[in-house]
Amino acid sequence: MAETRTIEGRLSPDEIKALVRTVPDFPVPGIQFRDITTVIGHPRALASSVHHLADMAREGGAEDIAGMEARGFIFGAAVSIALGTGFIPVRKPGKLPVEVIGVEYDLEYGKDRLEMDPGAIRPGQKVSIVDDLIATGGTALAAIELLRRAGAVVEQALFVIDLPDLGGARRLREAGVDVRTLMEFEGE
C-alpha cells in the first residue's frame, strides 16, 4: 500500500506562478503556451492552488462548483471537495447517458458544444465555475449560459491563470460574473 503524504504549508500565488512552464510556439508560432501540468504534478502547488480557489469560492458564497472538461474537472472537483459541496461536470458532447441540455459556442477556427444534465441543478442554486485558464472566455461564457439555462445563479468564475490580453475575463465581467484568478501572464 502506498504511503499517504501530508502536504505542509501553502504556496503563494507568485510561488505557484513560478512553476508554470511556458512552451514557446505552441500550438502555432508566436503563441506562448502556459502549461499547467507542472503545477498539477507538484503536490504543494496543486494543493495550494485548490485551497486558494476554495477560499475565493467560499467568499463568493458558492453552494456548488461546476467545471468544464477537462482541466476544469481537476481543479473544480478538488475545490468542491475542499468546500464540502457537490461538483457539476460541464461536458463535451455525447459523454452523458441522460437527457442533456447543450449550447454551441464559437472557437477561433470553428464551433464547439458543451452539455450538462439539467437535473444536476436546483433552481436558484448558487454555482461558481472553476477552470485552469481564462483566455478568450468562449468556453466559460458557454458554461455560464448553460448553467443559467438550467436554473443556476452564476455570479463567480475562478481560474488559476488569466491571459488578460485575450479579453476573456473582461467578457465574463460584462456578463455579470465576478472573475478571480491566482495569476496573470501577459501576451498570448
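The values are calculated or read from the model by the stated rules, or taken from the named source; none is laboratory data. Because the structure is a prediction, the values reported are computed rather than measured. Don't worry about glycine lacking a Cβ; one is built from the backbone with ideal geometry, like all the others, and counts go over all protein chains shown. For the accessible areas, the whole protein counts, side chains as well, though only heavy atoms, and no ligand, DNA or RNA atoms are used. Shrake-Rupley method; radii C 1.70, N 1.55, O 1.52, S 1.80 Å.
Brief remarks follow.
- Of all residues in the range 16-40, those that are more than 27 Å from Val79 (Cβ to Cβ) have Cβ atoms under 9 Å from Cβ atoms of residues that are hydrophobic (A, V, I, L, M, F, W, C) and not in a strand (DSSP E or B), 6 or more apart or on another chain, in Pro24/Ile31; Asp25/Ile31.
- Residue within the range 147-162 that is part of a loop (DSSP other than H, G, I, E, B), basic (Lys, Arg), within 21 Å of Ser80 (Cα to Cα) and open to solvent by 50 Å² or more (accessible area, probe 1.4 Å) present: no
- Residue match in the range 70-83 (condition: in contact with a helix residue (DSSP H, G or I) (Cβ under 9 Å, 6 or more places away or on another chain), farther than 18 Å from Thr181 by Cα and polar (S, T, N, Q)): no
- Residue match in the range 112-135 (condition: in contact with a Phe, Trp or Tyr (Cβ under 9 Å, 6 or more places away or on another chain), surrounded by fewer than 18 Cβ atoms within 10 Å (Cβ to Cβ) and either at pLDDT 95 or above or charged (D, E, K, R) (or both)): yes
- If you go through the range 54-68 and keep only what is charged (D, E, K, R), surrounded by fewer than 16 Cβ atoms within 10 Å (Cβ to Cβ) and touching a Lys or Arg at 6+ places or on another chain (Cβ under 9 Å), you end up with just Glu59.
- Of all the criteria given as (1) in contact with a helix residue (DSSP H, G or I) (Cβ under 7 Å, 6 or more places away or on another chain); (2) within 28 Å of Val28 (Cα to Cα), the one not satisfied by Ala54 is (2).
- Counting the residues of the range 106-120 that are touching a Leu at 6+ places or on another chain (Cβ under 7 Å) and within 17 Å of Ala140 (Cβ to Cβ) gives 3.
- Gly94 meets the conditions (1) of a type in the set (Gly, Ala, Ser); (2) open to solvent by less than 10 Å² (accessible area, probe 1.4 Å); (3) over 20 Å from Ala78 (Cβ atoms) in every case but one. The failed one is (2).
- Strands (runs of 3 or more DSSP E) wholly inside the range 40-146 containing at least 2 residues that are of a type in the set (Gly, Ala, Ser): 64-68
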